[in-house]
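J.: Here it is, the structure in full.
Just so it is clear, none of the values below were taken in a lab; they were calculated from the coordinates. The model shown is predicted, which means the values in this text are computed figures rather than measured ones. FYI the Cβ positions are ideal-geometry reconstructions off the backbone, even for glycines, and counts take in every protein chain you see.
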Amino acid sequence: MKKKLIEKVAYSGTMGTGEGPKYKAVAGTVDIGGEEHLIIEVYRNDHIGMLEVPAARIVCTHSDWINYVPEKEKWDRRKIQQTCGHPFWDRWGRDNTEIKEFAERKIIEFTQNETKYSDWIEKIEHLQDSILWDRKKKKEERKEQELQERNSTIEPVTDDFREWYRKVLFKRENFIYYKRKGRYATFTCSCCGKSYKYATAVMDSYEGQFEHIVAIPRNGAFATCECCGAEGIYKTTGRMNGVYGRSINCYTAQHYMENGAVIRYFSIEKILSFGNPERFIETEIARTYFQPGRKKVQKDYHFIGAYEGERWHYHNMDGLRNINQEYAAVYPGVPEILQGTCLQYCAIKEFMQHYEKIKLINYLEKYMEYPLLEMLVKLQLIGIAKRIVDGYNPESMQINNIGKCPEDILRIGHGKLHALRKNQGDPLLLSIMQMEKRKDIHLSEKEEDALIILKIDIEQIEKIINYMSIKQFVNRVEKYAGTTVDTDCGDAISRLQNISQMYLDYLE
């Protein structure tokens, strides 16, 4: 809407009577910038004579609308029936607003709404609803087209990825079915589906020395297939109940456009049944697109319904259909795939070395928002990095994003970084070191380790130093507990923690 041109259109004005309907409305069409505009002006009928300035002006085209309140000199885009802060907007209509027949005819002609049982306000509201619906429809069509374009860039997963999840994720997820008869046992592998028969005891004869002897199978014991070498567990054929399946989720990645990357979230299901080779079902659940310069990522989700079938959607659903990307295994080739993308320096390889399963999407989203995550991981400050990945903001952890060196960024004293790295970035130790610098106190490495073992938080430490030094506190706890904080005994550590809490209560 061209506000400057609309403001140049003079008010129509109308004659007031000072009695009768509370408001008077006039309407007409005006050509503004080569487009037909419907202008409705609502005046307060509060005196006799010419009403020159309206209480509100509603301007509509066939694709947009806007409202103007002269008293406040404000524009808004609220619907006609919504409360906009004007007294007349609460309850107006045929009962308290007078509109001439020719003006109402202008509204009907513009809206092309000949419905008999709706007044002019409802006709305008219907026009606004139609505009909103058209906008929503165009937006959905545009997003659907973008979704199809993204899907067209996706390539099939590699054979290496399939080999990885078959041999690593589902290692020993096999059954070697067996059935014994006499000194022989018949085996059937769930991996290759082949059957073979071997003796389980030596026959005392000349021919017996040439037989292949295997150990007597036991249900639930570890086993190896003699045909394909697959590892699994023994299971008697009598306990075989139909089909066995297990599902595992995992992540892999792929290049997207020039410097972008798409993280693909899969559910891999392994199906085992007696007498048949193993079968895998790959189901891609979600795709997350990362592009340079964009902190907001695009997430597409794969929904499978009983009625609408399966389809990709550009946003998640609510309720039972909501898809949540949980902790899952990450394909080891992901760090190499991310080379040359906007995520090539995310240090995901170093982070993966500490966890078997991670929320890869959370990690990469946090990296795009806080690039210092790379520094934390490469400095082996995994505890701090993990807390940021789990949703904590660096600001809440008093981390300075614009520091010149790691100590300045972490707001700890110089020389403290080594001890923090040795403890893999324990968040409690970080807060203790930050308190040391803030209060200008100096604790030894032993005292810092003792506070972590005793699980003393910052508020409690600040109470302790009002009465004694940390060294005195640790010494007294050790004395009362009858052991030292460097013990490896779990019971002794529990006793130390209990004594420390009792002593804190005493200080309180």
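J.: Can you tell me, using C-alpha contacts under 8 Å and at least 6 residues apart, the relative contact order of the chain as a whole percent?
T.: Values: 759 pairs, mean separation 32.0, N = 508.
It rounds to 6 percent for the chain.
J.: Under a straight-distance cross-link criterion of Cα-Cα below 13 Å, which aspartates and glutamates are reachable from Lys22, leaving out those fewer than 8 residues away in the same chain?
T.: Asp46, Asp90, Asp95, Glu98
J.: Could I ask something else about it? Using unit Cβ charges (K, R positive; D, E negative) and no other charged atoms, how large, in debye to the nearest 20, is the dipole of the chain about its Cα centre?
T.: I would put it at about 1000 debye.
J.: Taking the Cα centre as origin and putting +1 on Lys and Arg beta-carbons and -1 on Asp and Glu beta-carbons, what dipole magnitude results for region 321-398, to the nearest 20 debye?
T.: Details: 8 positive and 9 negative charges, 28 e Å.
Once rounded to the nearest 20, the dipole reads 140 debye.
J.: Counting other C-beta atoms within 10 Å, which of Trp133, Trp65 has the fewest, and how do the rest follow?
T.: Working: Trp133 10, Trp65 22.
Ordered from fewest to most neighbouring Cβ atoms within 10 Å, Trp133, Trp65 come out as Trp133, Trp65.
J.: Hey, with R₀ at 51 Å, roughly what FRET efficiency would Cys192 and His255 work out to, going by the Cβ-Cβ distance, to 0.05?
T.: Values: r = 35 Å, r/R0 = 0.69.
Computed FRET efficiency for Cys192 and His255 comes out at 0.90.
J.: Could you go through region 398-406 in sequence order and give the Karplus-derived ³J(HN,Hα) for each residue, using 6.51 cos²θ - 1.76 cosθ + 1.60 with θ = phi - 60°, rounded to whole Hz, and x for Gly and Pro?
T.: Ordered by residue, 3J(HN,Hα) equals 6, 9, 8, 5, 10, x, 8, 9, x Hz.
J.: At a threshold of 8 angstrom on Cα-Cα distance, excluding pairs fewer than six apart, so keeping six or more, what relative contact order does region 3-135 reach in percent? Write down the numbers at each step before the final one.
T.: Values: 214 pairs, mean separation 28.5, N = 133.
Relative contact order of region 3-135: 21 percent.
J.: Add +1 for every Lys or Arg and -1 for every Asp or Glu among the other residues with Cβ under 11 Å from the Cβ of Cys228, and state the total.
T.: Values: positive: Lys194; negative: Glu226, Glu231, Glu278.
In short, -2.
J.: For Lys4, go through the lysines and keep the ones whose alpha-carbon is under 20 Å away, minus same-chain ones fewer than eight residues off.
T.: Filter leaves Lys72, Lys74.
J.: Which stretch or stretches of region 38-61 have amide N atoms under 12 Å from the point lying 7 Å from Asn96's Cα along the Cα→Cβ direction?
T.: Under 12 Å, as judged by backbone N against the label point of Asn96, lie 45 of region 38-61.
J.: If R0 is 30 Å, what FRET efficiency do you get for Thr237 and Met203 from their C-beta distance, rounded to 0.05? Intermediate results must be reported in sequence, preceding the final value.
T.: Details: r = 24 Å, r/R0 = 0.80.
E between Thr237 and Met203, to the nearest 0.05, is 0.80.
J.: Determine, for His315, His62, the number of other Cβ atoms within 10 Å of each Cβ, and report the residues in order from fewest to most. Before the final figure, lay out the partial values.
T.: Numbers: His315 10, His62 16.
Starting with the residue having the fewest Cβ neighbours, the order is His315, His62.
J.: Using the charge dipole of region 160-241 (Lys, Arg: +1 at Cβ; Asp, Glu: -1 at Cβ; taken about the Cα centre), state which of Gly238, Gly220, Asn174 has its Cα farthest towards the positive end.
T.: Gly238
J.: Here's a follow-up. Check which residues have an amide H placed less than 5 Å from Leu51's amide H, if you skip close sequence neighbours.
T.: Long-range HN contacts for Leu51: Thr14, Met15, Gly16.
J.: Residues of region 280-324 with backbone nitrogen within less than 19 Å of a virtual label 7 Å along the Cα-to-Cβ line of Lys136, please, listed as ranges.
T.: 313-319
J.: Here is a follow-up. So, in nm, how far is label Arg78 from label Glu282 when the simple model puts each one 7 Å beyond its Cα toward the Cβ?
T.: Output for this residue pair reads 5.4 nm.
J.: Also: What are the lysines whose alpha-carbon lies under 27 Å from the alpha-carbon of Lys139, with same-chain residues fewer than 8 places away excluded?
T.: Hits, sequence-local ones excluded: Lys2, Lys3, Lys79, Lys123, Lys295, Lys296, Lys299.
J.: What distance in nm separates the simple spin-label points at Tyr480 and His302, each placed 7 Å from Cα in the Cβ direction?
T.: 5.9
J.: Among (i) 0.97; (ii) 1.57; (iii) 1.10, which is the computed Cα Rg over 2.2 N^0.38 Å?
T.: Matching entry in (i) 0.97; (ii) 1.57; (iii) 1.10: (ii).
J.: So how compact is region 349-508: Cα radius of gyration and Dmax in angstrom?
T.: Just the Cα atoms of region 349-508 yield Rg and Dmax of 17.1, 50 Å.
J.: Would you mind getting me the FRET efficiency between Asp408 and Gln501? Use the beta-carbon distance for r and R0 = 35 Å, nearest 0.05. List each step's numbers first, then the result.
T.: Working: r = 35 Å, r/R0 = 0.99.
Computed FRET efficiency for Asp408 and Gln501: 0.50.
J.: Further question on the same structure: Please give the calculated 222 nm ellipticity per residue for the chain, where each DSSP H segment of at least 4 residues contributes -39500 (n - 2.57) and the sum is spread over every residue; nearest 500 deg cm²/dmol? Before the final figure, lay out each step's value.
T.: Numbers: 16 runs with 160 residues, N = 508.
Using -39500 (n - 2.57) per qualifying helix, the result is -9000 deg cm²/dmol.
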